[in-house]
Each structure stands twice: as C-alpha cells, then as structure tokens.
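J.: I have a structure here, written as structure tokens, and I will follow up with some questions on it.
What follows is calculated from the coordinates using simple rules that are stated; it is not laboratory data. As the structure is a prediction and not an experimental result, all values here were calculated from the model. Backbone-built Cβ (ideal geometry, glycine too); neighbour counts: all protein chains shown.
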Amino acid sequence: MFLAADPIENQLLGLHWLDWVVLAVYFLVILGVGIWSMRKVKDMSDFFMGGRRFGKVFMMFFAFGSGTSSEQAVSVAAGSFRYGLAGIWYQFLWLWATPFYWIVAPVFRRMRALTTSDFFEARYSSSTATLYSVVGIVMSIVFIAGGLYGAGEMIEGLAGGLDPATGKPFFPSSYAIAGMTVLFVTYGLAGGLNAAIVTDFLQGVLTIVFSFLLLPFALNVAASVAGTESGFTALAQGIPGRSGDEILSMTLTEDFLKRTGAEPITFFYVVMLSIGGLIGIVVQPHIMGVCGAGKTEFEGRFGFTFGNFIKRFCTIAWTFTGLACIIIYMSPGTDYLSADRLAELQANPDQMKAFSNQVFGLAAHDILPTIQHGLVGLLMASLLAAVMSTCDAQMVVGSGLFTENVYRRFIRPAQSPAHYLMAGRLASLGIVGCALVMLTQFDNVIQVLTTYIQAIPAFMGLAFWLGITWRGYTPAGVWTSTLVTAAAWYLTQAHTPFELVAKIGDSEFLQRNIDYLPGLFRGWLYEVCPSIMVAKLDATGALLSVKTSVPWQILMYLASGAVSGIAVSLMSRRTSTEKLDRFYTLIRTPVRPGEIITTPCVLPEGHLPADEGKLINHPDLEIPTPSRIGIIGFVLAWVMVGIIIWMTNYLAGLGQ
C-alpha cells in the first residue's frame, strides 16, 4: 500500500511531523542514557575505559558501533552507484583482515592500558608515546570529521536534497552536523566511554535496522521502474549504457574502465588494500577501548571480531541499495529523476559525484514515505546512531590520548584524578572543534575513506606489528618508519590536483600545478615507471591526468616505512633487555576475571605469567605458540569470510 506525497504543510525542513516525533523519542532516550552513565564515572579508568566491566554482547556492539559510521554506508552506496558491485571493496578492504582480529585482540587487553599511547610507552619510549598521541589525536579528528560529513550528506538527501524553487537544501547539512555534535558531545562528556558503550548497544541495533530498512523497498521500486519481477532481475538487466554484467561485476569491466578511466580492481588491488587495512586498524585510537573495556580478553576477542562481522553483513545491504539506485535514478523515463537532470548528471562527472554522495538518502526520502510516514525519521535516527556511536568513542579516546600522554606528562603532572577528569572533558571539546574545522575540507565521501581513514593509521601501524613480534625494533626505527611512511603517502596521493597537457611519448610534462610537490613526484613516477600509474586519456589519446595506482601507492608507502624503520633499528641503540622482558611478559599474561588494574601496563601483584612458549625459537622473535581457542576462533572467522563472499555472489546471481 503506497501513500500519497506529503502535503507541504505537514513538513518541516523536508520531514513529515511523524518523522520528527520518532527523532524526538530517540534524542530523549540517548540523553537519558548519558545522564545515567555519568553517575558511574568516578575516575579516569571509568571515563576512558568504561571501568572494564562489559561482557561479550556489549563489547560486540561497541566494536560494531564505534567502527561503523554513516560515511561508510554513504561511501559504499556511492561507490556502488558509480562503479557497480565493485564499490563493495570500499569496505570489504577490511574483510580479509577480520580473522586476524581474533589473534591480536588479547594483546590489547593484556596490556592493561588506557590508551594505545601506553603501548608505545611500554614497548619503546616516552618519545614514541608522544608521537603516537599526536598521530592518534589526528586520527580521532579525521574520523569524527568524516562521520559528520557523511551524515550531513545523507541527511540532506533524506530531506529531499535541493528545493527546486530555491535551489537550496530543504535540510542543510550544517543543521544536521550541529544537532549531532551537540547530542554526542553532551552524553559523551557526561559518561565517557561508559556512555559510549551503553549507547552503542542501543545504537548498534538501530544501525542494523538502518542498514537493512531501505534495501527491500529499493529493490521493489527498481523492479517497478525496470518492469521486471524482482529488483535482482532489474540489476541483471541493466540500463542503457550499463549492462547487468557491468553493474554486477566485482572487478570492473573493460568497457567501464575505458569509458571512465577508473582503475581496475585486480587480485593485487584487493591484497594490498587488505594488507594496508590490517596494518592500520590496530593503531586506530578506539581499538584499545574496543579490546580493553571487557571483563577479560575473551570479551575483547569476541567483540572485536564478531562486531566487525556484523559490519561486513551490513556492507552487503549498503552495496545492493546503491545498485538498486542505479536502476531507480539512471533509467530513462523514471519518475524519480527528470530527463534534463539525468542528462546533466551524465554530462558532468562532478555533479554525478555529488549526486552519488546523497543517493542513499534521496532513495529513502523518495521511497519510505510512500510506505509509512515516520520511516524516514526511523532511518534518520538509525543514521544518527551510526555516526554518533563512532564520534563519541573517537572523542573520548582522543581526549584520553591528550590528557594522559600530553597534559599529564608535559603540562600539569601530579594533579588529582578529578583534575584530569575535567581536563579530559575539556580536551574532548577541543577535538570536536578541530573536527568541525576539518570537515570543511572534504568534497566527497569516498575521498574521506580512501585518502584519510585508510591511509593515516598505517603511519604507525608498522611499529605496532614489528614491536610485538621483533625485539630489535627501536624507538629510532619507530620515528623513522612513521615519518617516511607519511612522506611517501603524501608524495603519492591520488587525489591531489594534477593535470598534464602533454601527449603520451612527449618528454616535457607541462603541469598546471608545477610547484606542487606531489604533482611533480607523480609526473616523475609516470616518466620512470608508467605501469604503476593510472592515466586518463581523451578521445584523441591525449593525456588528461595521471594518478598513482592505489595498490602501488600502498605498497610504496608501506615498503618505504618498513625498510627504513628496520634499517635504522639495526643501526640504533636497542631498548633495554629489562624493559623488553617486562613488556613481553605483560602481553603473554592472560587477564584473570576480577583483576584490578591500578597502573597502566603493569601486572597486578602476585600474578604468575602463563608460559605459552614461542612458535619460532629465536632470541629476537616473539611470536607465541597459538592457543587452542586462538586456532579454533581463527578458523571459524575464515569460515565467516567464506560465507560473506558466497552470500555476496549468490545475491548478485539471483536475477541472472
């Protein structure tokens, strides 16, 4: 049963009054949880680690909620709308890394740390802890900015996009960003990570609802537009200019590559994105809380791994919603997009990019009110849940890095717990303020994911992995690898402006941005080794632009960082044997139920470490023999990976 369009008098900022009622109820519930959580915050451990009191279910939803934000759904839907099923790789780049979460999660919990900076202090030195604090705070700012930006784009679409009469949004994204910021800052400042974990349980359920709510309706409308029995058949049928094979290909067809100049998604592409994701995920600032806020290490293990598997299933829903939108909006003669607007989008890549940013929200706005008023409000509440569950966690962990590792160490040492608690809350405000400034620099959601969120954590990820497996990695190696990785990433950026007016084979590269260093570097790379670059040509064969191939870029900055870090470590002074023995004993000692931690990265008194043994008997290698539960969980996680890949391919083949 479909309803008529909303009369304008029933709308406020593009939303029906029932949508506002749903949103009001959601706001009241979340604020109530924040106020309730405030009563449980008595010290720094409560604020930054939630008192380490949570069980498996809460930890699973915390891992899911803190790592799942609206810009991910928006970027996957936008990528699928632009590239077809291959757009799923914007999130599946972490799929192959997920089984390793089961292996690494105990390391975080056994650290008995408040922040990841504590890890670098215990393993390396104070200087590397400070370095990580700076990088970690930057990551928190980027993640908050990216989440708010993606949510603003989707909410603008949910309210109907642009008003044809005025050319302005019905619901400006700035309004949405301001409202979300006030809400998550309010309950996050009150209850810290405790509030974040409790609200992430509620918001995790809503995020799952948000991920799957639109899909069946979008597929139904796609079938109606295409005149087929099902939406999957409509996808297989395709649209003029885009065949079903192109839409449902996970690797991008040759025709699509020639037409758009996009980069092919090869086995090498997927492998390098997965390696980059695995190296970087461990130093994302919220991961210490995701693995460390549970009662024991098993809660962190279970939550980190299976919380992220929930996210992988949601990714499938986001992808097929984006595919359905291809049929709904790009089919000629559709009621959802005028012929003039369709021609305008097809002729202007920048407008198509902007439209794809909002396509998920636009589909919800156009479809859900015809089913039942209030569903857009439910979807918007779910969307707010997704972004705020990420932003609150990033705000808290970012403020923890500043308070524990900068403020306490360098500015005001030896103060009371209440003093540092207040400093943490004030630091939270500063981090959110920086994020609001940064989001003004973004111009599309895929840029946020591929340029910042995927790359920046890798700067120090190498130091984490080498630090837990090799005794020889030194503080000087950490500094070197971090700076070299960052420099190599900057020089090989794929999204900085760089255009050439020379033709292929010409020796001169006349560059519009000749004084821009990354442009010069990429020009040199194209001259020396064109096979690792992606060139875009016009119809005459003239070279329009060139950018670094994504997998080659990842290989270059990771390899540069690893080689330089190892080389410097071999030539510099090692960390003392006593410090290393204390560190490796710490991460080999399982956490006991009810264990009380008074000082970060210190074993409780009377605790006898477990001797797990070493997998490789070499004095410098510290790879422990895997436990039975570690092996079983790792194997089961790979089974889950197989199920997810099978399900994706099964759904893609339903209409064929």
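J.: Ranking request for peptides 121-132, 265-276: highest mean number of other beta-carbon atoms within 10 Å first, then the rest in descending order. Don't skip to the answer; put the middle values down first.
T.: Working: 121-132: 21.8, 265-276: 18.0.
Packing proxy ranking, top to bottom: 121-132, 265-276.
J.: For every other residue with a beta carbon closer than 13 angstrom to the beta carbon of Ser224, add +1 if it is Lys or Arg and -1 if Asp or Glu, then tell me the sum.
T.: Working: positive: none; negative: Glu229, Asp335, Asp366.
Neighbour charge sum, excluding Ser224 itself: -3.
J.: Rank-order 82-92, 623-633 by packing density, defined as the average count of other C-beta atoms within 10 Å over each peptide's residues, highest first.
T.: Values: 82-92: 24.5, 623-633: 14.0.
So the peptides 82-92, 623-633, ranked by packing, come out 82-92, 623-633.
J.: Report the net charge of residues surrounding Trp94, where surrounding means a beta-carbon distance below 9 angstrom and charges are Lys +1, Arg +1, Asp -1, Glu -1.
T.: On the way: positive: Lys311, Arg312; negative: none.
Surrounding charge for Trp94 is +2.
J.: Taking Cα centroids, how far is the stretch 293-344 from the stretch 89-115 in Å?
T.: After rounding, the separation between the Cα centres reads 22 Å.
J.: Now a separate question. Taking the number of other C-beta atoms within 10 Å as the exposure measure, put Asp19, Asp118 in order starting with the fewest. Can you show the working numbers first?
T.: Values: Asp19 28, Asp118 22.
Ascending number of Cβ neighbours within 10 Å: Asp118, Asp19.
J.: Hey, another quick one. Kindly rank 466-475, 281-290 from highest to lowest mean number of other beta carbons found within 10 Å of each residue. Please report the intermediate quantities before stating the final value.
T.: On the way: 466-475: 20.6, 281-290: 25.7.
Descending mean neighbour count gives 281-290, 466-475.
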